[in-house]
Every structure is written in structure tokens, then in C-alpha cells.
1. Amide H neighbours of SER165 under 5 Å, counting only residues 5+ apart in sequence or on other chains, H built in-plane at 1.01 Å?
2. Compute the convex hull volume of the Cα atoms of region 108-219, divide it by the residue count, and report the result per residue in Å³ as a whole number.
3. Taking the chain as a Gaussian network, where each spring joins two C-alpha atoms under 10 Å apart, which residue of ILE51, ILE206, ILE192 fluctuates the most?
4. Helices from the chain with mean Kyte-Doolittle at least 0.5 and a Cα length along the axis of 18 Å or more, per DSSP H: which?
5. Aspartates and glutamates within cross-link reach of LYS40: Cα-Cα under 18 Å, excluding same-chain residues under 8 positions apart?
6. Based on the alpha-carbon gyration tensor of the chain and its eigenvalue square roots a ≥ b ≥ c, which shape applies: rounded if a/c is under 1.5, prolate if not and a/b is larger than b/c, or oblate?
7. Between exposed chymotrypsin sites (Phe, Trp or Tyr not before Pro) in the chain, where DSSP calls loop and at most 16 other Cβ atoms lie within 10 Å, what's the longest gap?
8. Below 8 Å between Cα atoms, with a sequence gap of 6+, how large is the relative contact order for the chain in percent?
Amino acid sequence: MPNFIPYHPLSFSPEEQLRRAQEFFDLCNRRRTVREYSSKPVARELLETLIRTAGTAPSGANKQPWRFVVVTDPSIKREIRIAAEKEEKESYEHRMPQEWLDDLAALGTDWHKEFLEIAPALIVVFTIEYEKEGAKTHKNYYVKESVGLAVGLLLTAIHNAGLVSLTHTPSPMNFLQKILHRPVNERPFLLIPVGYPAEDVKVPDIQRKRLEEIVEWKAVSTEQR
Ligand code: IYR
């Protein structure tokens, strides 16, 4: 028999709900991906709390198939930068089709990844594909969906704390497995520099889609508003 315990949900009046929803939207809507960092350090306790928040995400069969490797050691950050730039140079110069390069033009990205050394912390997110128990293995479920949800919470927590981040996707990224000595059941998922922005940082002038572009209602007309 499963063991169930009482759940005490948050409870607000409709006015309070709307106010909170709007405030949270305003908070999230100010988040921007930042590619230029200051080297100002971030306290370990703060990073730990942000990662704890990521770990509250729902996951397939509650397997919590995520690992967060936090790199602040300058020599390891340097190793990661060198390996990432090697792959990225090859990608930008030979592997990515012109259409992809055109799509990235507005973001101003290229193979140079200084931020991997300058940002005070790199959170390298791994998926845990299966768990090992002696000679037996137990698979995890919906691993990418689960870890994607955890990363969404992580980015929101980082932003809420007044820090900035970047979801960096070096490709291929198996070098992270080696440099960080991860076991075979873990796979690199995303590399997230965290810290403060460089002084007078600028971000690309790009827009979010309007609500009408991202939502479609299937409602009876009386229910709509
Ligand atoms: N992995 C490369 C290229 C890149 C790809 C996409 I899709 C982006 O939105 C941004 C960059 C890089 O990290 O530069």
C-alpha cells in the first residue's frame, strides 16, 4: 500500500492570485540570457540553495534523475573552456549548416567561450540514465523531460537571486564526462555559467512571442473571460 500524507496547498483569494501571478510574470519576464560575466564570486551556500530548488522539480516515477556538478576551480574551468572551444570552433566553421548560423546571427554567438573561465561557477547538469545497485541496473523514466524541468527551476531561482546564467550547449559534449570523471550512467545535458554580469552588459534586442502566438483556447464561449 502506498503511504499518503496530507498536503497543505497554498491558498489565496482570486485578487491575490492574480497579483501574485502578475508579479511572478514580471520577475520571469526580466530574465535574460547573459554571455558576458564578471568574475565576482558567488557564495557556495547560495549555489546550494539554487540547486536545492532545481531538485524540487517533478520527475518520472520520482527518480530525480539529475546530477549538478559545480565547478569553481579555475584549472578545471580552463580545461572545460579549451575542450568546449575546440568543439565549438569545429561546429561553427564546419558542422553547422548556413541556416543555423543565420538563425544565431541575432544572438551574436561564436566559438569563443571566455565566459567558461570568467564566470565564478559553472553548473554542469548531467542526466542519470539509470541507477546502479550492485550488479543490477534500474532505469529512469522521462529523463530529458525531468531534467529539463529541473533546469527551468534552476534558471528561475538563479534569476530570482539576482544572478545571471546562460544555457550553453557545446556539441558534442562528451568531453564533460571525461574532465569531470562522471560514471557511465550519467550523460552531460547542459553547461550553465552562473554569476554576475560584466559591467554595462548588453543583451540582444530580441522579443518574446505575444500571448496570442503561444496560446490557443478550446473553451465554451461563456467560459472565456
Ligand atoms: N552550441 C553553440 C551554438 C548555439 C546554438 C543554439 I540553437 C543557440 O541558441 C546558441 C548557440 C553555442 O553554444 O555557441
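Values in this text are rule-based calculations from the coordinates and carry no lab data. Quantities reported herein were computed from a predicted structural model and do not represent experimental measurements. Cβ placement follows ideal geometry from the backbone for every residue including glycine, while neighbour counts extend to all protein chains displayed.
1. Here the answer is VAL34, since their amide H atoms fall under 5 Å of that of SER165.
2. 183
3. ILE206
4. Working: long enough: 14-29 (22 Å, -1.10); 74-90 (24 Å, -1.38); 143-160 (25 Å, 1.08).
Long hydrophobic helices here: 143-160.
5. Candidates past the 8-residue exclusion: GLU48, ASP73, GLU114, GLU117, GLU199, ASP200.
6. Because a/c hits 1.5 or more and a/b fails to exceed b/c, the chain counts as oblate.
7. The longest uninterrupted stretch comes out as 13-110.
8. So the answer I get is 31 percent.
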